[in-house]
């Protein structure tokens, strides 16, 4: 599908880059024009992704809108993009939240606005590219592109300890990604040695199901696992996340939690399982145990956090544990639940960080004990924050419930004991979210908040505009999860076919 002769997937990937280049030529004193250009670019990219979504066929197997061009022919490296239901959902989630994040940045970002907007748009290029790349080398390039702008966003516009947080984030991520590059090269060399040709040595569709040597599979899967586990982040590779969230600006936290954590889970589903199925089954028991630990550990730590951002960050560790658990039990319901959880977590946790940002803009503080009584001066904020609090703890009828329920179903079929451990976290989730909400919203207005006087105002129109789409999608996907399940049924069946647990196409999960 083309637009004016330009392949549409390439248009989605590189429209933000074009916007960033245009902003680079805007005079530094024209911050108003920079903001309009950045937001306009993000909205155009969102529109292009919705055009693709409108023309996408959920019943068609394989990848759609595939674009291929030789890049480094001597080694079989291609510029190859393609989309299935899984990547479609994540691309639309990325374009939606990027537009919302830039809208939320219009007021808070006052310094180096030009550089901030450029960094954010380049970040969008990398994120979308990761979800669409079908060449392993191209995937690695986009994966690394993501690192640089997020490093700058945290390191320049972050909090007091931003340098420590951003260096920790980069070092963790870089270690995993370099090992992944080694695994990609080893896989390509093994393919070339077996076939006698470099043609297709980095092509995911050629490599999938090739049947690599078990030793290579085990080691390559381990390298991919480290890169993806750090990004998720899985226990015990999670320690960079709370620091990065606390120091990042609000929009940076939104993208970090809602999109960047999904890169690891997407990598497991898209690359690790199809390329190294035998090794995946060997590694699965250990990954399931780590996932259960993350689910419980993240919830317990969230329960005792004094900082609002850290509480939401540790809740992400717990929620993403459900995602990796659902992936590695190799059950249709579990994997479908994992993908739905990825989308719902992106919407709900992104909204929670926006809610934290709203109160931070008024108080310049996130300490829970200093809050209290917000329901009276900010009733609209209290109601919206309460909605997303309930969505996060998995209230039926909202998007947060569907994914966790399907993961529970799949986990129970795999191991009732593992399911029992996971279910207990629902109680902890209710405890830490409702306890936090009760302390900051109800009761008498705290002394700290009274001291703010007329600065403690309810939500502005722009703040409402950032949260309203997320609220609507949370309700829509909670009431009609079939919208998501129809799109991911075919990708799930194709991945699980190698494990003998694929659902029949058209079956109800």
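The values are calculated or read from the model by the stated rules, or taken from the named source; none is laboratory data. Predicted, not measured: the structure shown is a model, and the values here were computed from it. Backbone-built Cβ (ideal geometry, glycine too); neighbour counts: all protein chains shown.
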Subject >> segment 230-243 - residue that is without any contact (Cβ under 8 Å) to a residue 60 or more places away in the chain and not in a loop (DSSP other than H, G, I, E, B) and, of those, farthest from residue 255 (Cα to Cα) >> reply: 230
Original post:
Does segment 288-301 include one or more residues that are surrounded by fewer than 24 Cβ atoms within 10 Å (Cβ to Cβ), closer than 25 Å to residue 139 by Cβ and at pLDDT 90 or above?
Top reply: yes
Subject >> Residue that is nearest to the chain's Cα centre (by Cα), among those in segment 457-493 that are more than 24 Å from residue 96 (Cα to Cα) and surrounded by fewer than 18 Cβ atoms within 10 Å (Cβ to Cβ) >> reply: 458
**OP:** Looking at (1) touching a helix residue (DSSP H, G or I) at 6+ places or on another chain (Cβ under 8 Å); (2) on the phi > 0 side of the Ramachandran plot, find the lone condition where residue 364 falls short.
**Re:** (1)
Original post:
Considering segment 36-80 alone, what residues qualify as being more than 23 Å from residue 138 (Cβ to Cβ), modelled with pLDDT of 90 or more and either part of a loop (DSSP other than H, G, I, E, B) or more than 23 Å from the chain's Cα centre (by Cα) (or both)?
Top reply: 36, 37
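Limited to segment 185-203, what total is found for residues that are buried (at least 20 other Cβ atoms within 10 Å of the Cβ) and part of a helix (DSSP H, G or I)?
Pass one, segment 185-203, residues buried (at least 20 other Cβ atoms within 10 Å of the Cβ): 187-188, 191, 201-203.
Now restrict to residues that are part of a helix (DSSP H, G or I): 187-188, 191.
Of the residues in that region, 3 qualify.
Is it the case that residue 241 is surrounded by 22 or more Cβ atoms within 10 Å (Cβ to Cβ), under 16 Å from residue 327 (Cα atoms), modelled with pLDDT under 90 and under 17 Å from the mean Cα position of the chain (by Cα)? Lay out the reasoning, then the answer.
Details: surrounded by 22 or more Cβ atoms within 10 Å (Cβ to Cβ): yes; under 16 Å from residue 327 (Cα atoms): no; modelled with pLDDT under 90: yes; under 17 Å from the mean Cα position of the chain (by Cα): yes.
Judged against the criteria, residue 241 is not a match.
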Subject >> Residues that are surrounded by 17 or more Cβ atoms within 10 Å (Cβ to Cβ) and touching a residue at least 60 places away in the same chain (Cβ under 8 Å), drawn from segment 422-438 >> reply: 422, 425, 428, 429, 432, 433, 436
Subject >> residue 18 being out of contact with any helix residue (DSSP H, G or I) (no Cβ under 7 Å at 6 or more places or on another chain) and in a helix (DSSP H, G or I) >> reply: yes
Original post:
Just to be sure, is residue 257 touching a residue at least 12 places away in the same chain (Cβ under 8 Å), part of a helix (DSSP H, G or I) and either surrounded by 23 or more Cβ atoms within 10 Å (Cβ to Cβ) or within 17 Å of the chain's Cα centre (by Cα) (or both)?
Top reply: yes
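Hey, can you tell me all the residues within segment 130-155 that are part of a helix (DSSP H, G or I), farther than 15 Å from residue 91 by Cβ and in contact with a strand residue (DSSP E or B) (Cβ under 9 Å, 6 or more places away or on another chain)?
Looking only at segment 130-155, we keep the residues that are part of a helix (DSSP H, G or I), and these are 130-132, 136-155.
Now drop any that are not farther than 15 Å from residue 91 by Cβ, which leaves 136-138, 140-141, 143-145, 147-155.
Within segment 130-155, 136, 137, 138, 140, 141, 143 meet the criteria.
Quick one: would you say residue 121 is within 17 Å of the chain's Cα centre (by Cα) and under 30 Å from residue 186 (Cα atoms)? Walk me through it before giving the result.
On the way: within 17 Å of the chain's Cα centre (by Cα): yes; under 30 Å from residue 186 (Cα atoms): no.
It is false that residue 121 is within 17 Å of the chain's Cα centre (by Cα) and under 30 Å from residue 186 (Cα atoms).
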Subject >> Selection within segment 112-132 - within 30 Å of residue 62 (Cα to Cα) and free of Cβ contacts under 8 Å to residues at least 60 places away in the same chain >> reply: 126
